[in-house]
Amino acid sequence: MKILFLNDKGHDDVKNWSGTTAHMARMLEDRGHQLYYIDHLTGNFFLRCFYRGLGILIGKQVKANREPDVLRSMARRRDREKKRFYYDLIFTPNSMCLCYL
């Protein structure tokens, strides 16, 4: 099966979620599946900086990667890159990568 593996960090980063995503990707490959990776889906850098600065300005924690503008920019990049692959299934360890699908 051809699987599109979406991740907000690197798929082989053992420091991300204590290596859970790296182990998931490796186990899927060990089972004989062909994986296509789209990594580092973080959204627009300037939007993330804006929301971090906004959080500092108002004195509250603002999670930039949960803001709709950032999620839409992440979705645009994902949609642009996924056209390069033919796949049967989309897999991701988190839901942010699937927003606006």
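Among rounded, prolate and oblate, which fits the range 1-48 when a ≥ b ≥ c are the square roots of the eigenvalues of its C-alpha gyration tensor, a/c under 1.5 means rounded, and a/b larger than b/c means prolate?
Oblate, because a/c is 1.5 or more while a/b does not exceed b/c.
Can you list, largest first and rounded to whole Å, the semi-axes you get for the range 27-81 by taking the square root of 5 times each eigenvalue of its Cα gyration tensor?
Its equivalent ellipsoid spans semi-axes of 32, 13, 7 Å.
Calculate, in nm to one decimal, what Asp88 and Thr20 gain on full extension: separation in residues at 0.36 nm each, minus their alpha carbon distance.
Using 0.36 nm per residue and subtracting the Cα-Cα distance, I get 22.2 nm.
Quick one: how many lysine pairs in the chain have C-alpha atoms under 18 angstrom apart, if they're 8 or more apart or on different chains?
Taking the Cα cut-off of 18 Å, the pair count is 4.
With percent of Cα pairs over 24 Å apart in mind, check (i) 29; (ii) 40; (iii) 43 and report the label derived from this structure.
Checked against the structure: label (i).
Which whole-number value in Å² is the accessible area per residue of the chain, probe 1.4 Å?
Heavy-atom SASA per residue in the chain reads 65 Å².
Within the range 1-44, what whole-number % of the accessible surface is contributed by carbon and sulfur, with the 1.4 Å probe and all protein chains included in the calculation?
With neighbouring chains kept in place, the figure for the range 1-44 is 50 percent.
The values are calculated or read from the model by the stated rules, or taken from the named source; none is laboratory data. On a predicted model such as this, the values are computed, not experimentally measured, just so you know. Ligands, DNA and RNA are excluded from the accessible area calculation, which covers all protein heavy atoms including side chains. Shrake-Rupley method; radii C 1.70, N 1.55, O 1.52, S 1.80 Å.
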